[in-house]
């Protein structure tokens, strides 16, 4: 008999040993042949990075006494590329990334390794979804995992437009406190940041990035607002960064060659 | 007398010792007080990465027997954040990134450290420009540097819309073979990639990413097409990744909560 179960690639940026990817893997096993290929350790805020100057290595990883998947000494985007091109025997039907510990909304979207993994899947022509749980504390991934199964099923039924991925942020609340689902846009919220300057035991200076997120939106169709208001926020994401509304304005500059 | 020269932050992703940043620094000295803060070594294809799990360190760097600026053990985005928040005494009037060795067009824009540095400047509310020379070989940066002076002057005169940066790609040709300037959009070209599997002296496998860029556009208002046709390509870039054309389509899915 031919294998007809869909092939689902599961990855993340918190690393192959994180609790969130275990929950996502279990959720995807209900839907098909789930295969984990993920960074060996945490790779948060890596943006859409690729490893081009170093070799990549791959290890088999066990969890709870069972074969769990593969670890890679690379970024989330590396994992997706390497999984599709070298580890799996065929192109996956779906790429899922997460479940991230902490939200990926507003400006965080551009720093997010979770989103970049799903972006890489989309670039490779595979329907892809990024899942994040909006809490940095130890969390209960149970509802988020059930929502992942629910949405992944819909995406495999309906497909996604070419070049579009879904960025999903789930409130860290018990299911009965979640009010529903909203289709959202990326917020404008960013960080108010500073660097803590410290001195190491060798008397040399070093700096740590610190800061807090500024909430700059209040419309309820914005990703981080929807999550605060207890909705699952689903934002369709694409990667043409052209600022189309500014194109004509720039043409009016009549930029010639330098004199 | 009060210091009235504009403060210009110069950074890149090829590292503080690259030839391109030296050319850009010299070009910006004609326009104001140019200050270099750049990665200590090459950080290509780092995407919009931030260093959050490690401390950042800063060194003073000399080139050609003169004080050149500061090196940071971080990404291009780290350099911009750290420069603005901790190294310079005030907010720069302009951030310039480059001159990159190699084009940052089409899909490369999302992997580009050069572009991410300019993006970080824009997030911090500073007009920002990324410059790339479309050649990976040892190149003559002379025309590109003169173009950088020309455009930087225009940007400081006209300003840029809030949230918009300029991504500039310059053909690697003598000036008399360059036909002019085009305002462009980001192309759809991506890579056809594979991994070379090799065996190290300890008999362990490793993988190198390899591949070639696919040219998928032919309209002359697309970044990489314009460069091939011998124009300087200027693409306005923004970082709201929402796929607005898909929002309504997703609403029709009527996604409820999982059963």
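The values are calculated or read from the model by the stated rules, or taken from the named source; none is laboratory data. Small disclaimer: the values here were computed from a predicted structure and weren't measured. Quick reminder, even Gly has a Cβ in these numbers, built from the backbone with ideal geometry, and neighbours come from all protein chains shown.
What number of residues in the range A:214-259 are in contact with a helix residue (DSSP H, G or I) (Cβ under 7 Å, 6 or more places away or on another chain), within 30 Å of residue B:168 (Cβ to Cβ) and not in a strand (DSSP E or B)?
Counting residues in the range A:214-259 that are in contact with a helix residue (DSSP H, G or I) (Cβ under 7 Å, 6 or more places away or on another chain), within 30 Å of residue B:168 (Cβ to Cβ) and not in a strand (DSSP E or B) gives 5.
Among the strands (runs of 3 or more DSSP E) confined wholly to the range A:7-100, which include 1 or more residues that are in contact with a strand residue (DSSP E or B) (Cβ under 6 Å, 6 or more places away or on another chain) and under 28 Å from residue B:115 (Cα atoms)?
A:7-11, A:33-39, A:66-72
Which condition number in (1) surrounded by 24 or more Cβ atoms within 10 Å (Cβ to Cβ); (2) within 13 Å of chain A (Cβ to nearest Cβ) is the one that residue B:87 fails?
(1)
Okay, residues lined up against (1) more than 10 Å from every other protein chain (Cβ to nearest Cβ); (2) crowded, with 18+ Cβ neighbours inside 10 Å:
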{"residue": "B:220", "(1), (2)": "yes, no"}
{"residue": "B:239", "(1), (2)": "no, yes"}
{"residue": "B:244", "(1), (2)": "no, no"}
{"residue": "B:250", "(1), (2)": "no, yes"}
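Looking at (1) surrounded by fewer than 19 Cβ atoms within 10 Å (Cβ to Cβ); (2) over 19 Å from residue B:162 (Cα atoms); (3) free of Cβ contacts under 8 Å to residues at least 40 places away in the same chain, which is the only condition residue A:230 fails?
Against the list (1) surrounded by fewer than 19 Cβ atoms within 10 Å (Cβ to Cβ); (2) over 19 Å from residue B:162 (Cα atoms); (3) free of Cβ contacts under 8 Å to residues at least 40 places away in the same chain, residue A:230 comes up short only on (3).
If we scan the range A:117-135, do we find a residue that is without any contact (Cβ under 8 Å) to a residue 24 or more places away in the chain, over 24 Å from residue A:213 (Cα atoms) and in a helix (DSSP H, G or I)?
So far as the range A:117-135 goes, no, none of its residues is without any contact (Cβ under 8 Å) to a residue 24 or more places away in the chain, over 24 Å from residue A:213 (Cα atoms) and in a helix (DSSP H, G or I).
Mind listing whichever residues of the range A:142-158 are surrounded by 24 or more Cβ atoms within 10 Å (Cβ to Cβ) and more than 8 Å from every other protein chain (Cβ to nearest Cβ)?
Once the filter is applied, which keeps residues that are surrounded by 24 or more Cβ atoms within 10 Å (Cβ to Cβ) and more than 8 Å from every other protein chain (Cβ to nearest Cβ), the range A:142-158 yields A:144, A:145, A:148, A:152.
If you take the residues in the range B:163-175 that are at the interface with chain A (Cβ under 10 Å from one of its Cβ atoms) and surrounded by fewer than 23 Cβ atoms within 10 Å (Cβ to Cβ), which one is modelled with the lowest pLDDT?
In this case the residue turns out to be B:175.
Can you say whether residue A:75 is within 14 Å of chain B (Cβ to nearest Cβ) and crowded, with 17+ Cβ neighbours inside 10 Å, as far as the supplied structure shows?
Yes.
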